[in-house]
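Undergrad: Here you go, one structure.
The values are calculated or read from the model by the stated rules, or taken from the named source; none is laboratory data. The model shown is predicted, which means the values in this text are computed figures rather than measured ones. Reconstructed Cβ throughout: ideal geometry from the backbone, glycine too, with neighbour counts over all protein chains shown.
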Amino acid sequence: MQVNGIHGINIAVKDLDQWTRRYEEIFGLEAKPVDESGFAFPGLRGSNFDIGGFQLNLIASVDEGTSVSRFLERRGEGVFLVSVGVQDVDVATRELQESGLTPVLGEPARGEGHAAVNFTHPRDMAGVQLEFIEVPR
């Protein structure tokens, strides 16, 4: 699979406002708010920091049934996923399956507020969920 690079990291947090202020203070940057339309799945909101083209996202759940809320219950706050850029997420999904990995979605998610994405199950990658995001070169 051809990966363009590490696109970013998503960090799951319980209190988005508290942690956004803290990261803004430490990095000297202003976060861009991300509403539910900016995520492949509903029930999430976040703050995005563009650090020289690297995306650091703080994400919080506004609904109890999301994967982020389950992650926070099981593991607490911390790195939720690593996002890698690919040229074509459909090709990446097929290659994941051919490699014996389990894509979370049968077909990549596409939407107005976000790029086309798919994910690996964390058990396939030593407990780390990978997001494959379509980032053309």
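Undergrad: Considering segment 25-34 alone, what residues qualify as being of a type in the set (A, V, I, L, M, F, W, C) and surrounded by fewer than 19 Cβ atoms within 10 Å (Cβ to Cβ)?
TA: Restricting attention to segment 25-34, the residues satisfying the condition of being of a type in the set (A, V, I, L, M, F, W, C) are 26-27, 29, 31, 34.
Residues satisfying the conditions are I26, F27, L29.
Undergrad: Among the residues in segment 58-80, are any touching an Asp or Glu at 6+ places or on another chain (Cβ under 6 Å) and touching a residue at least 12 places away in the same chain (Cβ under 8 Å)?
TA: First, pick out the residues of segment 58-80 that are touching an Asp or Glu at 6+ places or on another chain (Cβ under 6 Å): none.
No, segment 58-80 has no match at all.
Condition check ((1) among the aromatic types (F, W, Y); (2) surrounded by fewer than 19 Cβ atoms within 10 Å (Cβ to Cβ); (3) within 22 Å of I6 (Cα to Cα)) across all residues:
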residue: E36; (1), (2), (3): no, yes, no
residue: A40; (1), (2), (3): no, no, yes
residue: D50; (1), (2), (3): no, yes, yes
residue: Q55; (1), (2), (3): no, yes, yes
residue: A60; (1), (2), (3): no, no, yes
residue: E73; (1), (2), (3): no, yes, no
residue: E77; (1), (2), (3): no, yes, yes
residue: L81; (1), (2), (3): no, no, yes
residue: D88; (1), (2), (3): no, yes, yes
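Undergrad: Between E131, E112, which is within 21 Å of L44 (Cβ to Cβ), acidic (D, E) and at pLDDT below 90? First the steps, then the outcome.
TA: Numbers: E131 fails: at pLDDT below 90.
Exactly one of E131, E112 is within 21 Å of L44 (Cβ to Cβ), acidic (D, E) and at pLDDT below 90, namely E112.
Undergrad: Could you list all residues from segment 90-128 that are exposed (fewer than 12 other Cβ atoms within 10 Å of the Cβ) and within 18 Å of G8 (Cβ to Cβ)?
TA: Across segment 90-128, the qualifying residue is only G113.
Undergrad: Of the residues A40, A31, which single one is at pLDDT below 95, hydrophobic (A, V, I, L, M, F, W, C) and in contact with a strand residue (DSSP E or B) (Cβ under 7 Å, 6 or more places away or on another chain)? Please lay out each step first, then the result.
TA: Working: A31 fails: at pLDDT below 95.
Result: A40 is the single residue among A40, A31 that is at pLDDT below 95, hydrophobic (A, V, I, L, M, F, W, C) and in contact with a strand residue (DSSP E or B) (Cβ under 7 Å, 6 or more places away or on another chain).
Undergrad: Checking the conditions here, which among I133, I59 is of a type in the set (A, V, I, L, M, F, W, C), in contact with a Phe, Trp or Tyr (Cβ under 7 Å, 6 or more places away or on another chain) and closer than 25 Å to V13 by Cβ?
TA: Numbers: I133 fails: in contact with a Phe, Trp or Tyr (Cβ under 7 Å, 6 or more places away or on another chain).
Criteria check complete, one pass: I59.
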